[in-house]
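Scroll down for the structure; my scribbles are underneath it.
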Ligand SMILES: [Zn+2]
């Protein structure tokens with residue numbers, strides 16, 4: 001398989017929440033987009049891995065993914081381990097994505113920021129000629145980091161998702177086990193209405209930065225190049 005875009009995330013629902021609109025937008029453009037979840041979310045307080053797999057399949061259908069895989073690494077216990085990196089690197093060789101989306105490398109949940117590091121090192125390992133991996137060496141052209149979980153961070157760029165916002169919300173709502181809390185968890189977890197309100201607020205915040213209704217934020221380590229300064233988007237004044 002030859003993907004244009006591969007999003008790698010710690011848990012099923014992370015990609016939908018952090019960059020689902022961008023994924024949907026790229027599918028609409030005609031790109032082949034895939035998603036690799038590292039864990040099945042089995043340590044989540046609610047739902048179980050079987051239910052979450054069903055929810056992930058529902059979201060994959062809505063987003064129009066060409067591929068969705070799960071490496072079943074241990075949830076809430078992602079560590080800096082070579083065997084984990086090699087497993088991800090093998091997927092990168094198999095799927096050969098031009099662009100990879102990773103979670104931003106800092107944040108509250110260790111699984112999220114570790115996925116940022118593991119994913120980056122896996123992209124590097126996938127390109128080594130001498131490695132225990134099968135298939136031809138390959139490195140993605142571009143790595144971008146979805147920074148939605150760190151809203152205080154100033155992004156490198158924002159993708160407008162105004163047209164994709166409703167579909168993104170639908171994909172997120174596939175994970176109903178996470179958003180319909182039983183009574184005993186209501187103080188711990190947000191309700192569906194709270195999730196919708198938060199998503200809308202964050203998407204409006206980043207949309208506002210580029211003068212549109214809804215947006216999703218990204219960070220890159222490298223600087224962007226501009227050819228034509230007359231055609232640069234986003235008004236200054
Ligand atoms: Zn997560």
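What does the convex hull of the Cα atoms of region 114-223 come to per residue, in Å³, rounded to a whole number?
Hull volume normalised by residue count: 169 Å³.
As a test of the formula, what do you get for the chain when each DSSP H run with n ≥ 4 contributes -39,500 (n - 2.57) and the sum is divided by the residue count, at 222 nm and rounded to the nearest 500 deg cm²/dmol?
Roughly -12000 deg cm²/dmol at 222 nm, from the helical runs in the chain.
Name the most mobile residue of 215, 44, 119, meaning the one with the largest mean-square fluctuation, in a Gaussian network model of the chain with Cα contacts below 10 Å.
Among 215, 44, 119, the largest mean-square fluctuation in the Gaussian network model of the chain belongs to 44.
If region 82-157 were replaced by its equivalent ellipsoid, with semi-axes equal to the square roots of 5 times the Cα gyration tensor eigenvalues, what would those be, largest first, whole Å?
25, 13, 8
Rank the residues 123, 19, 58 as a footprinting-exposure proxy: fewest other Cβ atoms within 10 Å of their Cβ go first.
Going from least to most buried by this count: 58, 123, 19.
I need the semi-axes of the equivalent ellipsoid of region 138-179: take the C-alpha gyration tensor, multiply each eigenvalue by 5, square-root it, list largest first in whole angstrom.
24, 15, 13
Along each principal axis of its Cα atoms, how long is region 1-87 end to end? Whole angstroms, biggest number first, please.
36, 30, 20
Separation of region 209-237 and region 134-154 by C-alpha centroid, Å?
18 Å
How do 177, 152, 131 line up, fewest other C-beta atoms within 10 Å first?
152, 131, 177
What percentages, rounded to whole numbers, describe P(r) for region 46-89 computed over all alpha carbon pairs with 10 Å bin width beginning at zero?
Pairs per bin, as whole percents: 21, 42, 34, 3.
Two decimals is fine: what is log10 I(q)/I(0) at q = 0.07, 0.08, 0.10, 0.11 Å⁻¹ for the chain, from a Debye sum with one equal scatterer on every Cα and no solvent?
-0.22, -0.29, -0.46, -0.55
Each value in this text was obtained by applying a stated rule to the coordinates, not by laboratory testing. For clarity, every value in this text was computed on a predicted model and none was experimentally measured. Every residue, glycine as well, gets a Cβ built from its backbone with ideal geometry; the counts of neighbours run over all protein chains shown.
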